[in-house]
1. Which condition number does LEU164 fail, the rest of (1) free of Cβ contacts under 8 Å to residues at least 24 places away in the same chain; (2) within 15 Å of VAL110 (Cβ to Cβ); (3) among the hydrophobic types (A, V, I, L, M, F, W, C) being met?
2. Within region 138-172, can you find the residues that are hydroxyl-bearing (Ser, Thr, Tyr) and open to solvent by less than 30 Å² (accessible area, probe 1.4 Å)?
3. In region 118-137, what count of residues is obtained for those that are open to solvent by less than 40 Å² (accessible area, probe 1.4 Å) and over 15 Å from ALA176 (Cα atoms)?
4. Counting only residues that are of a type in the set (Gly, Ala, Ser) and closer than 28 Å to TYR77 by Cβ, which one in region 179-204 is most open to solvent (accessible area, probe 1.4 Å)?
Amino acid sequence: MTGSPGQPAEIRYGEADWHVQDLPLAIRPHKTRPFRTLVFLSIIVGLASLLGISSAYVMIEREQPLNAVTIGPWQAYPKAGTAEADPYSVAIYTRGAVVPLASGEGLALVAREDSAGHLLDPTCVYRISGQTPAARLWTLTVTDGDGRLVQTMPGRVHLDSQSLLRNPDGSFAISAASKPHSGNWLPLASAANASDGLRFVLRLYDAPVTTGAALDGIQLPGIERQGCP
């Protein structure tokens, strides 16, 4: 405290005279708590790891790979089996023990719905008609909703292009049903429930349409539901 005679004394404050509660919150001194900080960081790392693992699990648990090309009721995955396949799709194929066709071998197309957008039902009767893209050979196979082969009355689950009755213009009509039908008959599961699911898998071998761009504008068979019990 200083001052001249007859004048008020001048009061000076130093750093030691500041009270902590008078300082702004951003610059108040804080007592370090390393254990609390370590616990807080551990919780953040644990939550981030859990979120990452959960999201990856959800992705590889998908029934369908990514980057699908949709044509009517059919879906194709032209990048499957190539170096351009995304890692999630590779994990989906690996987990399901599925070996996709390479681009030089052909292309697989999968139908899970009919042309009207209804989920396929193994207890119903379907008519698959139209034409397919040019290919040296193609097969049409029946599986359940999980992609597994089913038990059918004649013991077969597929038709191929070499044993198919065609119309003069090259088109065809296939009856997909659990009981025998005249003409081209694709057997469905002989004892199936609607909850089992149904897929039609069309595989084109040695076909020029093996890329997404080549699939634009091609014709694929339509799938029409004829009736259900």
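1. Unmet for LEU164, out of (1) free of Cβ contacts under 8 Å to residues at least 24 places away in the same chain; (2) within 15 Å of VAL110 (Cβ to Cβ); (3) among the hydrophobic types (A, V, I, L, M, F, W, C): (2).
2. Initial filter on region 138-172 (hydroxyl-bearing (Ser, Thr, Tyr)): 139, 141, 143, 152, 161, 163, 171.
Matches in region 138-172: THR139, THR141, THR143, THR152, SER161, SER171.
3. So the count comes out to 3.
4. The residue in question is SER195.
The values are calculated or read from the model by the stated rules, or taken from the named source; none is laboratory data. Treat the numbers as computed from the prediction; the structure is a model and nothing was measured. With ideal geometry, Cβ positions are generated from the backbone for all residues, glycine too; neighbour counts draw on all protein chains shown. Please note that ligands, DNA and RNA were not included when accessible areas were found on the heavy atoms of the full protein model with its side chains. Shrake-Rupley method; radii C 1.70, N 1.55, O 1.52, S 1.80 Å.
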